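Step one of this worksheet: look at the structure below.
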């Protein structure tokens, strides 16, 4: 599933290629992944794509009608999640249409914006004003912008495994399995360690590692593990620089121990057993036993 760097890569590509374009018409195929398909057909034609930005693992195509309504500017957006196999990219109508194209948005420059998704695990929703604000309020902090104090408070204040918290979109939005493992490896923290037991130094190291990993992955257009392509149809390159994710049995780049795999929060998690020592198990509390009073054997 595309994570923050992959979605950021696609959003930047679409910002360059379709921002400023007006939507003329909408064609929909299978719609089981679309919130209220009729709303797309009714409200999108005539609207302009002001900008394309990332919000966690979602893309937001910010929209505006022209001319602006008399009662003031309204907040509109097309929310797009790529799921596991989704792709959103512009194309000319004469170009062959992929088999699993489920939505086409005709643009005023003669191109069309196509959404393809073989497995249809993605999501598309047209949102306005209160519904848009309510949707965005569900998600946590932006990991690339979060400060040290807020990061430590969000992480250390929770009694959960650190890997589970990194994947929790209400804590941090956009982090997924790949970049959680890569960041934990760089910070030398075991994925099963309880977040409440992290020191302030641990939290600081993890925040620094997470932001560094995400920024480098963005610079390399994300990781193409299976079929991820950016808005120009090009694969990412960061998978060539993974240090933990997917490397079970291979040597750690730091200490040469063998990378291992375990399950944390229901997800495969890759770690180095030497650089990322597992959390110590607390011995079970000893049960207090009452001392038996010896029987009184004295006579008289």
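The values are calculated or read from the model by the stated rules, or taken from the named source; none is laboratory data. Small disclaimer: the values here were computed from a predicted structure and weren't measured. Here the Cβ positions follow ideal geometry from the backbone for every residue, glycine too, while neighbour counts run over all protein chains shown.
Among the candidates 91, 103, which residue alone is in contact (Cβ under 8 Å) with a residue 60 or more places away in the chain and under 24 Å from residue 30 (Cα atoms)?
103
Could you grab me the full set of residues in the stretch 136-165 that are closer than 25 Å to residue 245 by Cβ and without any contact (Cβ under 8 Å) to a residue 24 or more places away in the chain?
145, 154, listed by residue number.
From the list 210, 240, which one is at pLDDT below 95 and in a helix (DSSP H, G or I)?
Step by step, each of 210, 240 is checked, and only 240 is at pLDDT below 95 and in a helix (DSSP H, G or I).
Run down 194, 198, 229 and say which single residue is modelled with pLDDT under 95 and either over 22 Å from residue 56 (Cβ atoms) or surrounded by fewer than 20 Cβ atoms within 10 Å (Cβ to Cβ) (or both).
229
Of everything in the stretch 27-57 that's in a strand (DSSP E or B) and in contact (Cβ under 8 Å) with a residue 60 or more places away in the chain, which residue is farthest from residue 2 (Cα to Cα)?
Ranking the qualifying residues of the stretch 27-57, first place goes to 27.
Scan the stretch 123-168 for residues that are closer than 28 Å to residue 90 by Cα and either loosely packed, with under 14 Cβ neighbours inside 10 Å or at pLDDT below 95 (or both) and jot them down.
If the condition is that a residue be closer than 28 Å to residue 90 by Cα and either loosely packed, with under 14 Cβ neighbours inside 10 Å or at pLDDT below 95 (or both), then 129, 133 are the ones that fit.
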